[in-house]
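Asker: Take a look at the following structure, please.
The values are calculated or read from the model by the stated rules, or taken from the named source; none is laboratory data. On a predicted model such as this, the values are computed, not experimentally measured, just so you know. We place every Cβ from the backbone using ideal geometry, glycine too, and count neighbours over all the protein chains shown. Calculation scope for accessible area: heavy atoms of the full protein, side chains included, ligands and nucleic acids excluded. Shrake-Rupley method; radii C 1.70, N 1.55, O 1.52, S 1.80 Å.
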Amino acid sequence: MERSINIKSMDSEREKFRTYIEKSGVMSALTDALVHLYEETERPSDALQYIKTTLGTMTADNQRMQMFEEKVKEQQVTIESQKAKIEALQTEVATLKERLAQTEAKNDAEKPPPEEVTQA
């Protein structure tokens, strides 16, 4: 009975660990490294070093990817800010055009009609 409890406890711990390494990307990285090793036409003499190097390269690629993602987010914020400024300026232009049209209409209404030149 006690042995079956230990086995269930171990299975539970294994499942938690498996979930942890899957969520953290370890399984994916190891799988990718092994696939790269498998696809090599000439097998490296030191497979472990090859995997370490491949994993190190993946880490560098991930860091660059994160840097690019952060840069994209910064650019998106800048774009949104610029869009807001453009909208504000477009609203201001529309308001100024309306005021200009009103002023021109008022000036036209206040002008005396042009006098006709009579020939003597």
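So that you can scan it fast, the table gives a plain yes or no per residue for (1) of a type in the set (Phe, Trp, Tyr); (2) touching an Asp or Glu at 6+ places or on another chain (Cβ under 6 Å); (3) open to solvent by less than 70 Å² (accessible area, probe 1.4 Å); (4) within 30 Å of residue 39 (Cα to Cα):
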{"residue": "52", "(1), (2), (3), (4)": "no, no, no, yes"}
{"residue": "68", "(1), (2), (3), (4)": "yes, no, no, yes"}
{"residue": "81", "(1), (2), (3), (4)": "no, no, yes, no"}
{"residue": "90", "(1), (2), (3), (4)": "no, no, no, no"}
{"residue": "94", "(1), (2), (3), (4)": "no, no, yes, no"}
{"residue": "98", "(1), (2), (3), (4)": "no, no, no, no"}
{"residue": "105", "(1), (2), (3), (4)": "no, no, yes, no"}
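Asker: Within segment 19-62, which residues are charged (D, E, K, R) and in contact (Cβ under 8 Å) with a residue 24 or more places away in the chain?
Answerer: 32
Asker: Looking for whichever is assigned to a helix (DSSP H, G or I), among the β-branched types (Val, Ile, Thr), at pLDDT 95 or above and under 30 Å from residue 25 (Cα atoms) here; the options are 93, 77. Which one fits?
Answerer: Exactly one of 93, 77 is assigned to a helix (DSSP H, G or I), among the β-branched types (Val, Ile, Thr), at pLDDT 95 or above and under 30 Å from residue 25 (Cα atoms), namely 77.
Asker: Something else now. Within segment 29-45, does at least one residue satisfy the condition of being open to solvent by less than 100 Å² (accessible area, probe 1.4 Å), of a type in the set (Gly, Ala, Ser) and on the phi > 0 side of the Ramachandran plot?
Answerer: Checking segment 29-45: not a single residue is open to solvent by less than 100 Å² (accessible area, probe 1.4 Å), of a type in the set (Gly, Ala, Ser) and on the phi > 0 side of the Ramachandran plot.
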